[in-house]
Each structure stands twice: as structure tokens, then as C-alpha cells.
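Enquirer: Pasting a structure here, questions to come.
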Amino acid sequence: MLQLLSFVFVSFFVFLSPKVAADESGGANEGIVEEIIVTATYRETNLMETPLSISAISDSFVEDLGAQSMEDVYTMVPALSMTGGRNGEAQYSIRGVSSQSGGIGYAPAGATIGIYVDGTPVTAALGPNNQISGALFDIDRVEVLKGPQGTLFGEGSQGGTIRMIYNQPDSTGFDMAFNANMAKMAEADDMSNRFDGMVNIPLGESMALRVTGWKSETAGYIDNEVPDEPDFNDALSSGVRAALRFDGDSYNITGSIYHSEQETKGGVATYAAYKSNYNRLTGLPPRSEDTLDIYSLSMEFDFGWATLQTQTSYQDREITGLYEATADNAALLDIYYLGGTAADLAGSGCAAVGAFGIDCATWPGFFGAAGVPTTADGKNIQAISSVLDNWTERWSQEIRLISPADQQVRWTLGAFWKDSKDHTGNTQTAGYFPGRAYAAALMDPLLDVPANVHTDYIEETAIFGEVSYDLTDNLELTAGVRVSDLKQSFTNTTQGTDDTPVSPKLVLSWRPQDSMLVYASYATGFRPGNVNNNMEFYALQYEGLGLEDPGFRNDLYFEGDEVSSYELGMKVGFLDDRISLSYAGYFVDWEDMLVYEIHPLSPDTYNNNSGGAEITGVELELNAFVTDNFVIRLAGDLTSSEVTETAPGERVDPRVVQLGNELRFAPKNSVSLSLDYSMPMDSGWTVDFHLDNAWVSKQYVDAANTITIPSYDKMNARVTMRSDAESWRFALFATNLNNDEILRSKDQVGTLFWHSPRQVGLEIGYDL
């Protein structure tokens, strides 16, 4: 409540201030402020004149930051949080709306944040942790839209949409650019390096080809005790974007290909801190590979009375991985203990799990016979090898008809179709290891788990649209709706799902003067349910042993959830727009929220509908062009999230969601500050100084609020020399200057993922 009162107070103050401030400026510096044009409404509009909560990261800001992916820029966007596991992958949260569910290798509940690469939706179907972070070289801008966006975009999103919009082929002239850097990372034995390149080739007066490629190698910085083995957590990444565009008199056609590959070693590794050693029984490190292909054809036709846009896309993505848990991994042994006799259970991990109500005796498939091999200290040794094979194949078709922007009544009508086949597979093999030697002959047949696979067939059809009406010269009303029909079927169950949600939207905006916009909005967003594949797997395991299913199939399905978002926002310019301020207060009501819980009958997780939650917050963005050469950017948010309702019959377990708990991946506060100063030299060269710092408060990983990502403070610096024609640039940069151990994510079995330690590097770039 205090936050909302503060927001109203500031709004009133700003309402009185902008006109006076603008008059005092005299217009002496008019034109130096960067104007950001966005297309979130599928019309080109000035960011400050768009009645939506949008954060836009321009190409110039990306260059100032030296950003290579979304991981390098998300802290600059208020109310945007990003966690994840492997390099190049992410789980996004906007205003506390994150994927509260989703396991590893099974039971994907879907992401709450929509991700678009140009016009193609690439929202992760393989679980919310697997969303791409995206390479940012040759990008035009990144748009982050807050709140549900189903009335404008084919891929409906509950919490918001992130659009990565790249530069398009240009037939007016040849162009090329490249960027190369090399960096030394603290704790790493090897160097990290990256190369990006772009070439734009005109093919006549109306056709052009644009190709962008990149390749990077990130050094590992986790010590490996195995002799002659490299450090863990190194990553290789490469990719290419190619687009061919034809411009006619009243139309344009663009075909594009996007291909990326990433390989990470030690992507899933349990360790106390990144300076610690990671002990292993074998020399084979856990690894993951991620390959993504996108084929897209976009067309635009201007009929005068309306513009027709179409986007046809096909994407193919495969994520494979090998993960191993050993006796040195105590956290995993606490769950996957396979020890020998009933007398041994008192000191086993099973007993720890049983403390939460799990009876070890009900787990015949997870226990060997008496007399299994032991170490010298008498403890049983066990190892688990898990092979992950996830892939998705998806066709999508989006069509929009858009009226001209200069009419009193403006409208957008759209249709969306998606046909997706999403496969998750997890094959586990477990065996006993006497001492530190591998002995395949000792494999326990009860622990040789067959493939845990799940294929989800999804077909979605949706119609959506918005109508905007100018009530007066400065008052606008927008109403929109989305109607979807979403069907799902599954390979391992006979019952499917069929959802037909209706998602409305209403926006009222007011421009009391040219430099000020006030708006209020209401919108809803829906996410479909799915099936807990691992529950079927456990039921089959029991039945295969001649035992009765203790109730796993009762928790096989989970329903969809819905958010309702209320927002009051304001955008205002001061001093001839040398200072721009955007801020908003919001309230989110989350119903039937999906939660990622530990199942009461197993040491495993599943998705469950657990009542609802409320989120209240305030966010702010300030851009100040203090002088022609000095720019200050400030962003921050205050967010309060709380579970307000639990589902009827919710289990009494300290590991499940409780009333009053905060939502996972929803930090209460975040503040970022960036400073940019340009110093022209007599030689014609320019020296740019950049400094940014982001502070993020602690956040919880689990619904029970028992696992925490501590607060962190991250500072980066950059000094760049540019030639007089701004063609050549040379930069010295440093990230994580304080070399803090910054935790990126953590899971319920103790696996930790880290932001990179301090690195210092050199960069060279050229733009024709």
C-alpha cells in the first residue's frame, strides 16, 4: 500500500511539473536526445507516446554496455528478472510473474513470458528454464512489454513479451561490420573469446541479403579434480542469421534462417562455490548441447485502407545432456540413496527424505539388496547417469490486418495457428561403485530405469485484436480481446486437454500536454495445463514390480492458470525531452497458480495448482541527457508478492507453498544505474567512458521459500576509442569488477549456477 501511495504522490508532482520545466530549457539542446521508435502495437510509435509499459534497449545502448546477450542487459530493465542454468538459456520473470513450475526433462508447464526472434515466437515448450537468451550483435532494439500481451501477439503470454528485433536487409548500399574480443576470467585457466560479423549485400535496386554470424568460447572456471581434465562450466556457442528481403512498391517479402548451437560442459554441477572443486568418480563431465533452427517467411502488403502482415515459421530445437551424480554429490544422494539393508536406512539420505513423510519401504525400485559394495568407511557407493533428450518441432502461422495510424478509429485484427510436437525424455541408469572404480557388472537391474519419455502434441488456434478510438484530441480508449482454442494430447496418457480461454484488455490513455502521457490498463493472460509425465512413470514402475500404484496417477494432470493485471502509468518529458521519466504502479492477481513441488509419495517434483497469489509493485525508468556528452540512465522497481490462497486439500508439507510465501524468482527490489560520458579529442577520435552497476535483492528459488539466491551487486566498466568517422573502435572492458560470487540460479537438490567471475578483456570493432 505504501508503494502505491508513493506512486500516486509522485504522479501528482510530475503532473504539475513538466510544462514549467520544459519552458525553462529554451530549447537550446533540442534534437540531441535519442528517439526510440517501437513497433509493439505494429505501428511505428515513439516509446514515450505509447500507452503501454515498454522498456526498449536500443542498439546504441547495447553497444555502450558491450552486451552480447540478454544476460548482459536484463538488469537494466525494471521488473525484469532472469535466472537459468546452462549458458545461453534463461528463465524470465516480469513483475514477479515467472514460471513457478517445470521440472528437468519432464513435466514442462510452459513459460509465462513470450519470446520473439523478429516475428517468430520461440517461447520455450521444453520447460521454462530453456528459453533462449539471444545474441545481440546487429540488433536494432529489444522491446520488453510488461503485462499480458495476448491481444496483439499470436503467442499469448501471461506476464509479458520480449521481442528481439534485428536489423533487416537494406538494398540501398553495401555494409559490413565485425566485432572481436578476448578476455581473461578470474579462476579460469584459459582465455574467453568471441567474434561477430555482418555483411549486407544489395542484389539490385529492390533486393538485399544480410548475413550475421558469431562464434564464442567461454572458459570454464570450476576446478576439476580429475587428472588431465579441463575446468568445468566452459561453453562453446556459434550461430548464423541470414535474411533475404525483396521490397516492392507496396509490399515486402523477407525469408530468413536462424541457426544456433551451444555446448556446455559442467552445465549442471553441484558445488558450494565456484572456487570449490567438483569431485567425480569418472572422467566424463556432465554436458549439454542445444541446437535451434528457425525458418521464417514474412510478408507485408499495403492496401492503403489497411496493411496485411503474415509470418510463417518453422522451428526445430533439440536439447541433449548427460548428467552424473556420484557419492561426492551429497545433495543428490540424499534423494537417490540406494543403500543396502533396512538397518542402514537410519543414516541414509532416504531417512532424510522420509522425515518429510516418505516411507523408504515403499520404494522397492530404489533399493538394492543387502551386501551391496561399500567404501572403506562402510558406506554404500552409488552413481546415477541421466541422459536427457528434449526436442520440439513447431509450425506457426500469424496473420494481422492493421488499419492506418492517422484515423480516429484504429484497429488491429489477427489470427494465430500453432502445431507443435514437444518431446521430453530422461533415461536414468544407476549402479553401485565400490571405491572409485567403475564396475558395470554391479548394475542393479531394478535401478536400470527405462526411458522416461513424454511427447506433447499441441494445436492452438486463436483470434485476437484491438480497437482504439480517439474520444477527444488527447483522450484515447483501447479495447481488445483474445479467444483461443488449445488442444493437447500425450503419448503416455489417453486423456488430453482442451482449453478455450477468453482474455480481454482495456486501456484508457490521456495526454494533458505534448510531453506527458497518463494511462490505465487492465488485461488478462492464460497459460494451459499439461501432464506430469513422471507420475505416470512411477505408476508404471510400481506396476512392473507387481505392486499397486499408491496414487501417482491422481496427480497426473494439472490445470492452466490465469493472471489479471491492473496498471496505472505515466510517461513525461522535461527540458525539451532531455529528461524522460516512465513509471508505473501495478497489481497482479494470479489464479490457479502452477507450483513446482516435491511429491509426497516420491523424492521427485511435480506440477500442482496451488491456489493464487497477488503481486503489487512500482517501477521507474529515467533517462537524462545532462549535457551533449553525458547521459545518465536509472531504472528500479519495488515488488511485493504473496501467496494468498492455497488449493483445497493442499498437503501439509514444509516443502510446498504456504500462505504468505513470496513467489519464486521475484526479487523485492532492483536498481540499476549507467553513466556514459563522451570526450572528443583534437585528433578527431572520441573516448567513451561507460560505467554501470546493478543491485538485485534476494529471491527465492522454491515455492516453500527455503532456497534463496542472495542479493548481489554487479559493476561493469568500459572505455572505448572511436575513430573520427566512427568506423573503428577499440575498447578495454571489465565485468563484475568486484569479482563477487554471484549466484544465478539454484535448484531443489543443491545444483548451483553462477554468473561469471570478474573478467578483463580487449575488443576491436569496425563498421563500414
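The values are calculated or read from the model by the stated rules, or taken from the named source; none is laboratory data. Just so we're clear, the structure is a prediction, and the values are computed from it rather than from any experiment. When we count neighbours, we look across all protein chains shown, and the Cβ atoms used for this are built from the backbone with ideal geometry, even at glycine.
Enquirer: Is it the case that some residue within segment 184-194 is assigned to a strand (DSSP E or B), closer than 19 Å to S237 by Cβ, small (G, A, S) and modelled with pLDDT of 95 or more?
Expert: Checked against the condition, which is being assigned to a strand (DSSP E or B), closer than 19 Å to S237 by Cβ, small (G, A, S) and modelled with pLDDT of 95 or more, segment 184-194 yields no hits at all.
Rundown of residues vs (1) in a strand (DSSP E or B); (2) free of Cβ contacts under 8 Å to residues at least 40 places away in the same chain; (3) closer than 26 Å to N623 by Cα; (4) over 22 Å from the mean Cα position of the chain (by Cα), yes/no style:
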{"position": "T706", "(1), (2), (3), (4)": "no, no, no, yes"}
{"position": "D713", "(1), (2), (3), (4)": "yes, yes, yes, no"}
{"position": "R718", "(1), (2), (3), (4)": "yes, no, yes, yes"}
{"position": "M721", "(1), (2), (3), (4)": "yes, yes, yes, yes"}
{"position": "E726", "(1), (2), (3), (4)": "no, no, yes, yes"}
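Enquirer: Looking at E562 and the list (1) at pLDDT below 90; (2) of a type in the set (D, E); (3) on the phi < 0 side of the Ramachandran plot; (4) in contact with a Ser or Thr (Cβ under 8 Å, 6 or more places away or on another chain), which single condition is not satisfied?
Expert: (1)
Enquirer: Could you please find all residues in segment 686-711 being crowded, with 17+ Cβ neighbours inside 10 Å and either in contact with a His (Cβ under 6 Å, 6 or more places away or on another chain) or farther than 23 Å from V595 by Cα (or both)?
Expert: Scanning segment 686-711 gives T686, D688, H690, D692, N693, A694, W695, V696.
Enquirer: Please pick out the residue among D589, D576, D628 that is closer than 18 Å to Y522 by Cβ, out of contact with any Lys or Arg (no Cβ under 9 Å at 6 or more places or on another chain) and surrounded by fewer than 22 Cβ atoms within 10 Å (Cβ to Cβ).
Expert: D589
Enquirer: Now for a separate question. When you check N554 against the structure, is it among the polar types (S, T, N, Q) and surrounded by fewer than 16 Cβ atoms within 10 Å (Cβ to Cβ), yes or no?
Expert: Spelling it out, N554 is indeed among the polar types (S, T, N, Q) and surrounded by fewer than 16 Cβ atoms within 10 Å (Cβ to Cβ).
Enquirer: I've got another one for you. Restricting segment 745-768 to residues that are touching a Leu at 6+ places or on another chain (Cβ under 9 Å) and modelled with pLDDT of 95 or more, which is surrounded by the most Cβ atoms within 10 Å (Cβ to Cβ)?
Expert: Within segment 745-768, the match that is surrounded by the most Cβ atoms within 10 Å (Cβ to Cβ) is G761.
Enquirer: Run down L601, L594 and say which single residue is buried (at least 24 other Cβ atoms within 10 Å of the Cβ) and aliphatic (A, V, I, L, M).
Expert: L594
Enquirer: If you take the residues of segment 322-335 that are at pLDDT 50 or above and surrounded by fewer than 22 Cβ atoms within 10 Å (Cβ to Cβ), which of them is nearest to the chain's Cα centre (by Cα)?
Expert: Once the filter is applied, the top-ranked residue is L322.
Enquirer: Considering (1) within 23 Å of the chain's Cα centre (by Cα); (2) at pLDDT below 90, say which one L556 fails and leave the rest.
Expert: (1)
Enquirer: Could you list all residues from segment 661-704 that are of a type in the set (S, T, N, Q) and outside any strand (DSSP E or B)?
Expert: Listed by number, the residues that qualify are N661, S683, S697.
Enquirer: Right, here's the next one. Residues in segment 36-46 that are touching a residue at least 40 places away in the same chain (Cβ under 8 Å) and more than 25 Å from F301 (Cβ to Cβ): how many?
Expert: Summing the residues that are touching a residue at least 40 places away in the same chain (Cβ under 8 Å) and more than 25 Å from F301 (Cβ to Cβ) in segment 36-46 gives 1.
Enquirer: Moving on to the next point. For S678, all conditions in the list (1) farther than 14 Å from Y74 by Cα; (2) in contact with a helix residue (DSSP H, G or I) (Cβ under 6 Å, 6 or more places away or on another chain) hold save one; what is the number of the exception?
Expert: Exception for S678: condition (2).
Enquirer: Can you pull out the residues in segment 555-605 that are among the hydrophobic types (A, V, I, L, M, F, W, C), over 26 Å from L638 (Cα atoms), in a loop (DSSP other than H, G, I, E, B) and touching a Gly at 6+ places or on another chain (Cβ under 7 Å)?
Expert: L601
Enquirer: On to the next question. If you take the residues in segment 396-413 that are of a type in the set (S, T, N, Q) and within 32 Å of the chain's Cα centre (by Cα), which one is nearest to A124 (Cα to Cα)?
Expert: Ranking the qualifying residues of segment 396-413, first place goes to S396.
So that you can scan it fast, the table gives a plain yes or no per residue for (1) charged (D, E, K, R); (2) farther than 30 Å from D406 by Cβ; (3) at pLDDT 95 or above:
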residue	(1), (2), (3)
L477	no, no, yes
T493	no, yes, no
T497	no, yes, no
S509	no, no, yes
D514	yes, no, no
A520	no, no, yes
L540	no, yes, no
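Enquirer: Could you please let me know if N608 is over 18 Å from S55 (Cβ atoms) and not in a loop (DSSP other than H, G, I, E, B)?
Expert: Yes, satisfied.
Enquirer: Count, please, the residues in segment 477-536 that happen to be in contact (Cβ under 8 Å) with a residue 60 or more places away in the chain, surrounded by fewer than 16 Cβ atoms within 10 Å (Cβ to Cβ) and within 20 Å of V572 (Cβ to Cβ).
Expert: Number of matching residues: 2.
Enquirer: Say we look at segment 460-476 and pick out the residues that are of a type in the set (D, E) and surrounded by fewer than 15 Cβ atoms within 10 Å (Cβ to Cβ); which of these is farthest from T497 (Cα to Cα)?
Expert: It comes out as D473.
Enquirer: Would a scan of segment 717-728 turn up a residue that is touching an Asp or Glu at 6+ places or on another chain (Cβ under 8 Å) and under 18 Å from M82 (Cα atoms)?
Expert: Checked against the condition, which is being touching an Asp or Glu at 6+ places or on another chain (Cβ under 8 Å) and under 18 Å from M82 (Cα atoms), segment 717-728 yields no hits at all.
Enquirer: Output the number of the condition that K571 fails; it satisfies all remaining conditions of (1) touching a residue at least 60 places away in the same chain (Cβ under 8 Å); (2) farther than 25 Å from F665 by Cβ; (3) surrounded by fewer than 24 Cβ atoms within 10 Å (Cβ to Cβ).
Expert: (3)
Enquirer: Then there is this: Mind checking which residues of segment 454-472 are free of Cβ contacts under 8 Å to residues at least 12 places away in the same chain and touching a strand residue (DSSP E or B) at 6+ places or on another chain (Cβ under 8 Å)?
Expert: Result: L471, single match.
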